[in-house]
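Read through the structure below, which is laid out as structure tokens, and then see the notes.
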Amino acid sequence: MRLANIAGRLTLITPAQLVVDVSAATDGRFSHRIDECFDRWDELIEIAATLEGEGSKPVTEVLPESFGNPAAPRQIFAIGLNYSDHAAEASLAVPDDLTVFTKFASALAGPYGQVELPSSTVDWEAELVVVMGRGGNKIAVEDAWSYVAGVSVGQDLSERTLQLAGPAPQYSLAKSFPGFAPIGPFLVTPDEFRNPDSLALGCFINGEQVQRGNTADMVFPVPEIIAGLSRVATLLPGDVIFTGTPSGVGVGRVPPRFLAAGDELVSYVEGVGEMRHQMTKAY
Ligand code: ZN
């Protein structure tokens, strides 16, 4: 099942590619607000599967700027160094355990639009984003996918100068400028994939492919991330996990390369779709 945030309302995309406003189609049984839907996720999915979208318009007629972020997290987790080729380009060791930071919620954004660059050292990180459908503590690896509402495309935009300043890395702050956590355009339930642990992902700058990876190469696959996080924190319905980026980021290049005003960044995950952002200058 494919869902989206269209004009701030939870929307189902039917197999015929029609858009159905879930709240309107269920006579208000579910809120139009996405953040209020995750607490009743299993019930929502059951009802949404019966909606056919007669008389609805095709998703291709929805304006890109209408799409918002399809998640509404109370907590955002992000995993660093989760692909060995990315750890190598960052000249860092592959970790023995999860490397975890957050992106503050004010950095969340939709899948299309502009991102203001606060400096000349902003880097790209295409990532698979996982959105929790059920919460829990001490979730077992083998049960983990059943706790997931869906996956989406994410960009973990990163201001490298701030990130690397000082004696300890400032991951969370340096990755939380406005617009630095775009997600979308669709939230796709795990059952839509033949193997949700093997999805191609990457990104392009001005048409040039700069990252090309596969989630099968994660050091800690999604079930291990969920088990590892929930060994400590209680995960809540709607929570977001940025699962790490493959190689090809700008800081690992010789010489380093960063995003510039006018650049178009296109990020994709197989079976989900692509996001498209234009960079503007704010410094
Ligand atoms: Zn990242």
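Please treat every number below as a calculation from the coordinates, not as lab data. Here the structure is a predicted model, which is why all the values come from computation and not from measurement. So basically every Cβ, Gly included, is an ideal-geometry build from the backbone, and we count neighbours across all protein chains shown.
Treating only the Cβ atoms of Lys and Arg (+1) and Asp and Glu (-1) as charged, compute the dipole magnitude of the chain about its Cα centre; round to the nearest 20 debye.
Numbers: 19 positive and 35 negative charges, 126 e Å.
Computed about the Cα centre, the dipole is about 600 debye.
Where both residues lie in the chain, what percent of DSSP beta bridges are antiparallel, nearest 5? It would help to have the intermediate numbers written out before the result.
Details: 50 of 61 bridges.
Here the share of antiparallel DSSP bridges comes out near 80 percent.
Where does the chain land at 222 nm, in deg cm²/dmol rounded to the nearest 500, when only DSSP H runs of n ≥ 4 count, each adding -39500 (n - 2.57), divided by all residues?
On the way: 7 runs with 39 residues, N = 283.
Calculated from helices alone, the mean residue ellipticity at 222 nm is -3000 deg cm²/dmol.
Just how far, in whole angstrom, is the stretch 150-181 from the stretch 17-81 if you go by their alpha carbon centroids?
What the calculation gives is 27 Å, centre to centre.
Quick one: which residues, 5 or more positions from Val115 or on another chain, have an amide H under 5 Å from its amide H? H modelled 1.01 Å from N in the peptide plane, none for Pro or chain starts.
Long-range HN contacts for Val115: Gln278, Met279, Thr280.
State, to one decimal in nm², a quarter of the convex hull surface area for the C-alpha atoms of the chain, i.e. the direction-averaged projected area.
Details: hull surface 57.0 nm².
If you wrap the Cα atoms of the chain in a convex hull and average its projections, you get 14.3 nm².
Of Ala48, Ala16, Val62, which is farthest towards the positive pole of the stretch 1-110's charge dipole, taken about the Cα centre with +1 and -1 on the beta-carbons of Lys, Arg and Asp, Glu respectively?
After comparing all options, I get Val62.
What size of dipole, in debye to the nearest 20, comes out for the stretch 13-54 about its Cα centre when the only charges are +1 on Lys and Arg C-beta atoms and -1 on Asp and Glu C-beta atoms?
Working: 3 positive and 10 negative charges, 16 e Å.
Charge dipole of the stretch 13-54: 80 debye, to the nearest 20.
Test of understanding: what is the full-extension gain from Ala88 to Val254, defined as 0.36 nm times their sequence separation minus their Cα-Cα distance?
Values: separation 166, 0.36 × 166 = 59.76 nm, distance 1.37 nm.
So the extension gain works out to 58.4 nm.
Post the alpha-carbon centroid distance, the stretch 235-256 to the stretch 101-121, in whole angstrom.
13
Would you mind computing, in nm to one decimal, how far apart the modelled labels at Ala168 and Asp197 are, each placed 7 Å from Cα along Cα→Cβ?
Placing both labels 7 Å along Cα→Cβ, they lie 3.3 nm apart.
Measure of size requested: the Rg and Dmax of the stretch 2-62, with Cα atoms as the atom set and Å as the unit; please supply both.
10.6, 30
Which far-off residues, 5 or more places away or on another chain, put their amide H under 5 Å from the one on Gly80, with H placed in the peptide plane?
Thr99, Val100, Phe101
Using alpha carbons only, what's the Rg to Rh ratio of the stretch 1-142 with Rh from Kirkwood? Spell out each step's value before the answer.
Numbers: Rg = 18.4 Å, Rh = 17.8 Å.
My calculation puts Rg/Rh at 1.03.
In Å and whole numbers, how far do the C-alpha atoms of the stretch 76-117 stretch along each principal axis, longest first?
Taking the Cα atoms of the stretch 76-117, the three principal extents are 35, 20, 16 Å.
For Cα pairs less than 8 Å apart in space and 6+ apart in sequence, what is the mean separation divided by the residue count of the chain, i.e. the relative contact order in percent?
On the way: 719 pairs, mean separation 72.4, N = 283.
Computed over the chain, the figure is 26 percent.
Over the stretch 2-62, what is the mean sequence separation of C-alpha contacts under 8 Å (at least six apart), divided by residue count, expressed as relative contact order in percent? Could the numbers behind the result be given before it?
On the way: 74 pairs, mean separation 20.0, N = 61.
In percent, rounded to a whole number, it is 33.
Could you pull out every one of the aspartates and glutamates with an alpha carbon less than 18 Å from that of Lys57, ignoring same-chain neighbours closer than 8 positions?
Qualifying aspartates and glutamates at Cα under 18 Å: Asp21, Glu65.
For Glu224 and Tyr283 in the same chain, what is the full-extension length gain: residue separation times 0.36 nm, less their Cα-Cα distance, in nm?
Values: separation 59, 0.36 × 59 = 21.24 nm, distance 3.98 nm.
Extending this stretch completely gives an extra 17.3 nm.
Excluding residues fewer than 8 places away in the same chain, name every one of the lysines whose C-alpha is closer than 29 Å to that of Lys175.
Reachable lysines: Lys103, Lys138, Lys281.
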